[in-house]
Amino acid sequence: MKVGVLISGRGTNLQALIDACGAPDFAAEICLVVSNEAGAAGLDRAKRAGIATRLISDRDFPDPKSFEAALDRALTAAGAELVCLAGFMRLLSAGFVERWRDRLINIHPSLLPAFRGLNTHARVLEAGTRFSGCTVHFVRPAVDNGPIIAQAVVPVLPGDDADSLAARVLEQEHRCYPLALRLIAEGRVRVENERVAIDDMGAPGGVLINPALESVSVRPAQTREVC
Ligand code: GRF
């Protein structure tokens, strides 16, 4: 399956996809990387891997429609059958999203549908949730919406700041995105009633509890603090 990747920045998720596609039995290849930012480090990652790149900056177009038409032309000309958004920081219109319906996927650094939008990790810490994670999903016109393909869960730890939590989530993004791409490229993913069904899907083992049950020793009753 030929895949186009849209980026705006450092491209670590792009790198994870490039590395995955390098395996001989991986059913996808990246045919084009497009950035809307000239300075995106991800462009160098693609070039180093010998992948065709294009800079298509929204600033060079009079309106979003003509910008998206240029994106569409580039992806179509490269033969892209699937488009991966990997830190692409422009909102795409309903017209573009519908044209690529079920052929356009995104990765978001939270457990959707919680914490859509920007500054995810700071908002997770503010909310005090015990877990966070990442989600790969098909794109729908509403931001960070759409049928969920894969998710990974990480604990939020005492002392975390937005950077440490982001790093823990990012590590799992680099596993989830190639996994989702592989499942799609192998033809194992279907969208039915806006939910994803995956053929021959293994179920994850284990349950996560944070704080860990085994690490919380029982305090003697007389020393317990009452809150
Ligand atoms: C990732 O956290 C991704 O989930 C979000 O944007 C970030 C992109 O990072 N959509 P990178 O450019 O892939 O390193």
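Output the residues belonging to the stretch 167-189 that are surrounded by fewer than 18 Cβ atoms within 10 Å (Cβ to Cβ) and in contact with a helix residue (DSSP H, G or I) (Cβ under 8 Å, 6 or more places away or on another chain).
Scanning the stretch 167-189 gives L170, R175.
Kindly list, by first and then second residue, each pair from a residue in the stretch 11-26 that is at positive phi and part of a loop (DSSP other than H, G, I, E, B) to a residue that is within 9 Å of the ligand (Cβ to nearest atom) and open to solvent by 30 Å² or more (accessible area, probe 1.4 Å), limited to pairs with Cβ atoms under 7 Å and residues at least 6 apart or on different chains.
G11/A41; G11/G87
Out of curiosity, is I56 open to solvent by less than 10 Å² (accessible area, probe 1.4 Å), within 19 Å of L14 (Cβ to Cβ) and over 20 Å from the mean Cα position of the chain (by Cα)?
yes
Is it the case that F138 is of a type in the set (F, W, Y), surrounded by 15 or more Cβ atoms within 10 Å (Cβ to Cβ), more than 12 Å from the ligand (Cβ to nearest atom) and within 22 Å of the chain's Cα centre (by Cα)?
yes
Could you tell me which residue of the stretch 96-112 is farthest from the chain's Cα centre (by Cα), considering only residues that are open to solvent by less than 20 Å² (accessible area, probe 1.4 Å) and more than 22 Å from H174 (Cα to Cα)?
Of everything passing the filter in the stretch 96-112, F96 is farthest from the chain's Cα centre (by Cα).
Any residue in the stretch 113-126 that is among the aliphatic types (A, V, I, L, M), farther than 21 Å from V207 by Cβ and buried (at least 18 other Cβ atoms within 10 Å of the Cβ)?
no
If we keep just the residues of the stretch 22-42 that are more than 13 Å from the ligand (Cβ to nearest atom) and open to solvent by 30 Å² or more (accessible area, probe 1.4 Å), which is farthest from Q172 (Cα to Cα)?
Per the stated criteria, the residue is A38.
Taking the stretch 75-95, which residues are in contact (Cβ under 8 Å) with a residue 12 or more places away in the chain, open to solvent by 10 Å² or more (accessible area, probe 1.4 Å) and not in a loop (DSSP other than H, G, I, E, B)?
Selection gives L85, A94, G95.
List pairs: first in the stretch 151-174 and touching a residue at least 60 places away in the same chain (Cβ under 8 Å), second open to solvent by 40 Å² or more (accessible area, probe 1.4 Å), Cβ under 8 Å, 6+ apart or cross-chain?
H174/Q15
Checking I51 against (1) among the β-branched types (V, I, T); (2) in a loop (DSSP other than H, G, I, E, B); (3) under 30 Å from P211 (Cβ atoms), which test does it fail?
With (1) among the β-branched types (V, I, T); (2) in a loop (DSSP other than H, G, I, E, B); (3) under 30 Å from P211 (Cβ atoms) applied to I51, the lone miss is (3).
The values are calculated or read from the model by the stated rules, or taken from the named source; none is laboratory data. All values derive from a computational prediction rather than experimental measurement. Methodologically, a virtual Cβ is constructed for each residue, glycine included, from the backbone with ideal geometry; neighbour enumeration extends over all protein chains shown. These accessible areas exclude ligands, DNA and RNA; they are computed on the full protein's heavy atoms, side chains included. Shrake-Rupley method; radii C 1.70, N 1.55, O 1.52, S 1.80 Å.
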